[in-house]
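Working notes for the structure below.
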Amino acid sequence: MEEPLGNGEKLERNEDGTIKSGVLNPHGRPKGTYSLKTLIEKRLKENPEIEQKLIEDLLTREQGLVYQMIDGKPRQNIGLDGGEEGVPVGVVILPQKDDSSLGTTT
């Protein structure tokens, strides 16, 4: 099965419809390499005292960051909702410009 990707190439799929391995990102991360997250997790598992120190430091120095990681960032008003909860936003719909309604004189 093949379907176009939009760049002239075809997306190859297996018989069950799944995308064939290596098709979308053939030059991705090499096998056997680790992400930063994986390396940090490994280091913390090997050294539990570092993990405890890191937790204490984060709770002491970066309380705001810790709260954001736990609860998510607070809702921010970006001005699209009228500025307050429950306040409707006014929308004005203008008539489409029509040359015949311009009142041109000949």
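The values are calculated or read from the model by the stated rules, or taken from the named source; none is laboratory data. Treat the numbers as computed from the prediction; the structure is a model and nothing was measured. Using ideal geometry, Cβ is built from the backbone for each residue, glycine included, and neighbour counts are taken over all protein chains shown.
Only one entry of Val92, Val66 meets the criterion of being modelled with pLDDT of 80 or more, of a type outside the set (Phe, Trp, Tyr) and surrounded by 10 or more Cβ atoms within 10 Å (Cβ to Cβ), and that entry is Val66. Please tell me if Thr60 is under 30 Å from Glu12 (Cα atoms) and either surrounded by fewer than 10 Cβ atoms within 10 Å (Cβ to Cβ) or charged (D, E, K, R) (or both). Taking the combined requirement at face value, the residue does not satisfy it.
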